[in-house]
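Here is the structure we will look at.
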Amino acid sequence: MPRTADHDLRRAQMAEAVHRLIAHDGLDAATMAAVAREAGFSVGLVQHYFTSKDDLLLFAYERMTADQLGRVARLVEEGEAAQQPIRAILKRCMPQLWPLDAPRRGEYRVSRVFHARALDNPTIAEVGRRTAAVVRAQIARAVANGKECGEVEKGTDAELAAVELAALIEGLADDLYREPGPPVGERTMDGAAQAVLESRLRALFPGECRHYA
């Protein structure tokens, strides 16, 4: 019997090829021909799944952002299963969006390339907007839950707190990419970023969780 092609797997392999090419050499390197070579397919097969380079890039971008959000969701589930306070879960989750190792530095570069492309491409801009909205909504929900369990003061505005933390994470990601190694005083930039995040989380979540008591 003829083998049935795994279409989802092929699309994923093509998206991964786009990711590798952009992370290493920038957006211009991700031509249809280069993606085909990198993924081990013919150009015709790539064009069978994606009728244009923009379609391919959009799929790769959506897949990368979904992977990032999926990692965060798994860490949240693990934290809840371990009955960790919300502050501790956020402290573990948020650095997933930082360029702290080679794969995440690649993700950062890819995301910034797409942010620039989004200035002239409304479809890609919409993907970025939706992803940012999901991140803020998740943080706002965490703050609201913290108000219920006693970690967060009742008068805290969850939406404003989410905007603040999301902006903090993105800004620190920029610093970490630019300065991955040099120390900041007695700390590395990684240590400094972790300390800043810890300080802000303690300010927003000063109480003790009563949910598991």
Residue set Glu164, Glu151, Glu170, Glu159; condition among the charged types (D, E, K, R) and open to solvent by less than 40 Å² (accessible area, probe 1.4 Å); output residue Glu151
Output yes when any residue across region 120-130 is farther than 13 Å from Pro95 by Cα, within 14 Å of the chain's Cα centre (by Cα), part of a helix (DSSP H, G or I) and not basic (Lys, Arg), and no when none is. yes
When every residue in region 29-58 that is open to solvent by 60 Å² or more (accessible area, probe 1.4 Å) and under 20 Å from Gly128 (Cβ atoms) is compared, the one farthest from the chain's Cα centre (by Cα) is Lys53
Give me the residue from region 77-92 that is touching a residue at least 40 places away in the same chain (Cβ under 8 Å) and surrounded by 15 or more Cβ atoms within 10 Å (Cβ to Cβ) and, out of that set, nearest to Gly146 (Cα to Cα). Ile86
Name the pairs: first residue in region 173-189 and within 13 Å of Arg112 (Cβ to Cβ), second residue aromatic (Phe, Trp, Tyr) and at pLDDT 65 or above, Cβ to Cβ under 9 Å, at least 6 apart or on different chains? Ala173/Trp98; Ala173/Tyr108; Asp174/Tyr108; Leu176/Trp98; Leu176/Tyr108; Tyr177/Trp98; Tyr177/Tyr108
Determine, yes or no, whether Ile139 is modelled with pLDDT of 90 or more, touching a Leu at 6+ places or on another chain (Cβ under 6 Å) and in a helix (DSSP H, G or I). yes
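The values are calculated or read from the model by the stated rules, or taken from the named source; none is laboratory data. The shown structure was predicted, so the numbers you read here are calculated from the model rather than taken from an experiment. Cβ atoms come from the backbone with ideal geometry, glycine included; neighbour counts cover every protein chain shown. These accessible areas exclude ligands, DNA and RNA; they are computed on the full protein's heavy atoms, side chains included. Shrake-Rupley method; radii C 1.70, N 1.55, O 1.52, S 1.80 Å.
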